[in-house]
Amino acid sequence: MMQDNYTAFFKTNEQTWDLKVPIHAASEFYEVTSFKQGKTSLNPIELRELGEVSGKTLLHLQCHFGLDTMSWSRLGAKCTGIDLSSKGIEKANDIKKDLNLPVTFVKSNVYDVPENVPGEFDIVFTSYGVIGWLPDLDLWAKVIVDKLKPGGVFYMVEFHPIMWMFDYTLEKPELKYGYNQKEVIYEEYKGTYADTASSMLSKEYGWNHGLGDVISALISAGLTIEFLHEFDEAPYDVFPGMLKNEKGQYEIPEGKRLHPLLYSIRAVKQ
Ligand SMILES: C[S@@+](CC[C@H](N)C(=O)[O-])C[C@H]1O[C@@H](n2cnc3c(N)ncnc32)[C@H](O)[C@@H]1O
């Protein structure tokens, strides 16, 4: 159970994510119609780096409205997805019912997973825009380790911490936040990354975590790191100035490229 002093922050974030769900589910960004027709929502990086999932149990942390969870299920994994947003879980369950997929969705804060999700898993997965919502990485890593079977794999792919140092609510993004910022960051802006023209008001509390803190939290909790990779391209066009390359990925054009856009970590519980 997470400390009470974060409750108000989590509540605001939950309300914002509840508002985002119907907008995202109707957006071109998430392509729900194509997803329902069989298109995977997973990207080449995680498909390649996590590898074979068939027959394995997989816990997806912060699953939003479940497209990635259901994509892993289509590849044969036995999946459970959790998310803070009840609207996200409702939407995930609606889509799952339409597609008749054997996936379990649970409304839960990451920190409450030990109380809300029984059992241990072969794989714990989380991706793209997740740890910035979490104030305490040591507790996050402990939840992951406790939910893994011995020999189980943790895999994450996430935007690079340098990306979160900028304030994107300004017309010209400015370097504003700490690489590791323990003090909460509050941002309020119109729209959402999946529909910037939407009139919804996003109110968000977040925390910045550098690579050292992420890796150290996972090691301290008992995981053995297999790799940490950094990438100059990302599957999503969610930051200013990105261009699509010949592989269909987005990158900052050469000459302006100063830092990676993504990183991934694969770790094992011995
Ligand atoms: C950017 S989305 C994840 C994106 C995901 N890869 C996708 O595109 O479907 C972040 C998700 O984290 C969830 N979230 C935020 N804080 C959380 C928390 N403390 N516990 C569980 N889920 C949380 C939000 O509800 C949201 O669905």
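The values are calculated or read from the model by the stated rules, or taken from the named source; none is laboratory data. Everything numeric here is computed off the predicted structure, so don't read it as measured data. Reconstructed Cβ throughout: ideal geometry from the backbone, glycine too, with neighbour counts over all protein chains shown. Ligands, DNA and RNA are excluded from the accessible area calculation, which covers all protein heavy atoms including side chains. Shrake-Rupley method; radii C 1.70, N 1.55, O 1.52, S 1.80 Å.
In region 75-91, the residue that is nearest to Leu58 (Cα to Cα) out of those that are in contact with a strand residue (DSSP E or B) (Cβ under 6 Å, 6 or more places away or on another chain) and either open to solvent by less than 30 Å² (accessible area, probe 1.4 Å) or in a helix (DSSP H, G or I) (or both) is Cys79.
Considering every residue within region 181-197, establish whether at least one is open to solvent by 60 Å² or more (accessible area, probe 1.4 Å) and of a type in the set (A, V, I, L, M). Explain how you work it out, then say what you get.
Start the filter on region 181-197 by keeping residues that are open to solvent by 60 Å² or more (accessible area, probe 1.4 Å), which leaves 182-183, 186, 188, 190, 193, 196-197.
From what is left, the residues that are of a type in the set (A, V, I, L, M) are 197.
Within region 181-197 (the criterion being open to solvent by 60 Å² or more (accessible area, probe 1.4 Å) and of a type in the set (A, V, I, L, M)), the answer is yes, since at least one residue qualifies.
Might you let me know whether region 125-138 holds any residue that is open to solvent by 40 Å² or more (accessible area, probe 1.4 Å), farther than 24 Å from Thr7 by Cα and of a type outside the set (Gly, Ala, Ser)? No, the conditions are met nowhere in region 125-138. When restricted to residues that are away from the ligand (no atom under 12 Å from the Cβ) and in contact with a Gly (Cβ under 7 Å, 6 or more places away or on another chain), region 44-79 contains 4.
Return the total of residues in region 160-180 being open to solvent by less than 20 Å² (accessible area, probe 1.4 Å) and under 18 Å from the mean Cα position of the chain (by Cα). Give the derivation first.
At the first step, the residues of region 160-180 found to be open to solvent by less than 20 Å² (accessible area, probe 1.4 Å) are 160-161, 163, 167.
Now narrow it down to the ones that are under 18 Å from the mean Cα position of the chain (by Cα): 160-161, 163.
Within region 160-180, residues that are open to solvent by less than 20 Å² (accessible area, probe 1.4 Å) and under 18 Å from the mean Cα position of the chain (by Cα) number 3.
In the set Thr12, Thr16, Thr7, only one residue is within 9 Å of the ligand (Cβ to nearest atom), closer than 24 Å to Ser202 by Cβ and either surrounded by fewer than 15 Cβ atoms within 10 Å (Cβ to Cβ) or among the hydroxyl-bearing types (Ser, Thr, Tyr) (or both); that residue is Thr16.
Among the charged types (D, E, K, R) and open to solvent by less than 10 Å² (accessible area, probe 1.4 Å): does that describe Glu46? Spelling it out, Glu46 is indeed among the charged types (D, E, K, R) and open to solvent by less than 10 Å² (accessible area, probe 1.4 Å).
Name the single residue that is surrounded by the most Cβ atoms within 10 Å (Cβ to Cβ) among those in region 19-31 being in a helix (DSSP H, G or I) and more than 11 Å from the ligand (Cβ to nearest atom).
If we filter region 19-31 for residues that are in a helix (DSSP H, G or I), which is where we start, we get 19-25.
Keeping just the survivors that are more than 11 Å from the ligand (Cβ to nearest atom) gives 22-23.
On the way: Pro22: 14, Ile23: 17.
So, considering only residues that are in a helix (DSSP H, G or I) and more than 11 Å from the ligand (Cβ to nearest atom), the one surrounded by the most Cβ atoms within 10 Å (Cβ to Cβ) is Ile23.
If you check Thr16 against the conditions, is it within 22 Å of Tyr155 (Cα to Cα) and in contact with a Ser or Thr (Cβ under 8 Å, 6 or more places away or on another chain)? Against the criterion (within 22 Å of Tyr155 (Cα to Cα) and in contact with a Ser or Thr (Cβ under 8 Å, 6 or more places away or on another chain)), Thr16 does not qualify.
When the test is whether a residue is touching a residue at least 60 places away in the same chain (Cβ under 8 Å) and hydroxyl-bearing (Ser, Thr, Tyr), Ser216 does not pass it. Exactly one residue out of Tyr193, Tyr179, Tyr168 is hydroxyl-bearing (Ser, Thr, Tyr) and at pLDDT 95 or above: that is Tyr179.
Within region 134-143, does at least one residue satisfy the condition of being more than 28 Å from Leu261 (Cβ to Cβ) and at pLDDT 95 or above? Within region 134-143 (the criterion being more than 28 Å from Leu261 (Cβ to Cβ) and at pLDDT 95 or above), the answer is yes, since at least one residue qualifies. Within this structure, Leu58 passes the test of being under 24 Å from Glu226 (Cα atoms) and not in a helix (DSSP H, G or I). Give the residues of region 168-202 that are small (Gly, Ala, Ser) and within 18 Å of Phe10 (Cα to Cα), sorted by residue number. Result: Ser202, single match.
The set of residues in region 59-92 being under 11 Å from Thr104 (Cβ atoms) and either of a type in the set (Lys, Arg) or touching a residue at least 40 places away in the same chain (Cβ under 8 Å) (or both) consists of Leu59, His60, Cys63, Lys78, Thr80.
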